[in-house]
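Taking it in order: structure first as structure tokens, then the write-up.
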Amino acid sequence: MNDPIGLAIKEYFERGKAPQIQVDSNYTEGETIAPSYFFRDEKELPKIEKVALKNCKGRILDIGAAAGCHSLILQKKGYSVTALEKSEVSVEVMRKQGIVKVVHADIFEYNEEQFNTILLLMNGSGIGGTIAGLKKLLAHLKSLLLEGGQILIDSSDIKYLFEEEDGSEWVDIANSNYYGEMQYKVSFRKEEAQFDWLFIDFNTLQLVANEMGYNCTLLDKGTHHDYLAKLSL
């Protein structure tokens, strides 16, 4: 199946508990994600995600919806929201949770409808995988935006990972790519997946967005190098 996050979501939904999801990368190791993270209610969301939901308008596409926590909150508020997810297992969970419109698809292949708001949350830039992949994603999302539409996206500047205690920075001379282009390995029980995952600082996001024809504005900053941005045409 090669879907560790989906399996963790399914187990937590069915049993009310599940082991931690293990996360390693080319820069970090031994990190974990609690499956309960994908089932947060509105009070449990960080500030930037709350701000994102408050800035939603019209018809909404929630990309990489996982267990659908953002879609559920928006649906309860009366919004027309489509939860898009490429994990078949997660899609099944979202449907059982009562999300009205769930689409099982890869965003790069989806072109069925257009929306006023596109959400890319929980480090939404990661879906791009790389800077080049993010450009491809933003080019595709243009076709999914209605006139006057917006993309709400969050990410983090991970430069702090390379800072020494004396304030200096170390450089990985073996890697000539942008420092936020990471290779992830995620595992849950015996299931494992590897993929590219992008963290992007705001200034670089703004440059990329402008290159792709978007206006990019900073909406909010989080507590740990994270931020929320709005992209509009």
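The values are calculated or read from the model by the stated rules, or taken from the named source; none is laboratory data. Remember, predicted model here, so these are calculated numbers, not experimental data. Surface accessibility is based on the protein's heavy atoms, side chains included, excluding ligands, DNA and RNA. Shrake-Rupley method; radii C 1.70, N 1.55, O 1.52, S 1.80 Å.
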| task | Apply the Debye scattering formula to the range 1-122, with a single equal point scatterer on each alpha-carbon and no solvent, then give log10 I(q)/I(0) at q = 0.21 Å⁻¹. | result | -1.26
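Please calculate how many Å² of accessible area the range 1-88 carries per residue, with a 1.4 Å probe and no DNA, RNA or ligand atoms counted. Provide the component values of the computation, followed by the final result.
Details: 4390 Å² over 88 residues.
Solvent-accessible surface per residue comes out at 50 Å².
From the gyration tensor of the Cα coordinates in the range 101-233, what semi-axes in whole Å does the equivalent ellipsoid have, largest first, with each one equal to sqrt(5λ)? Display every interim value, and only then the final one.
On the way: eigenvalues 145, 78, 36 Å².
So the equivalent ellipsoid measures 27, 20, 13 Å along its semi-axes.
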| request: Can you send over the carbon and sulfur percentage of the accessible area for the chain, probe radius 1.4 Å, protein chains only? | output: 47 percent
| said: Give the aspartates and glutamates whose C-alpha is closer than 15 Å to that of Lys57, dropping any in the same chain fewer than 8 places away, or say none. | reply: Glu49, Glu147
| note | Of Ala132, Ala193, Ala65, the most mobile residue in a GNM of the chain (C-alpha springs, cutoff 10 Å) is Ala132
| query | Please state the relative contact order of the chain as a whole percent: Cα pairs under 8 Å, 6+ residues apart? | reply | 22 percent
| Using the Cα atoms of the range 90-150 to build a convex hull, what is its mean projected area in square nanometres? | 4.7 nm²
| Percent of Cα pairs exceeding the 31 Å cut-off, where the set is the chain | 19 percent
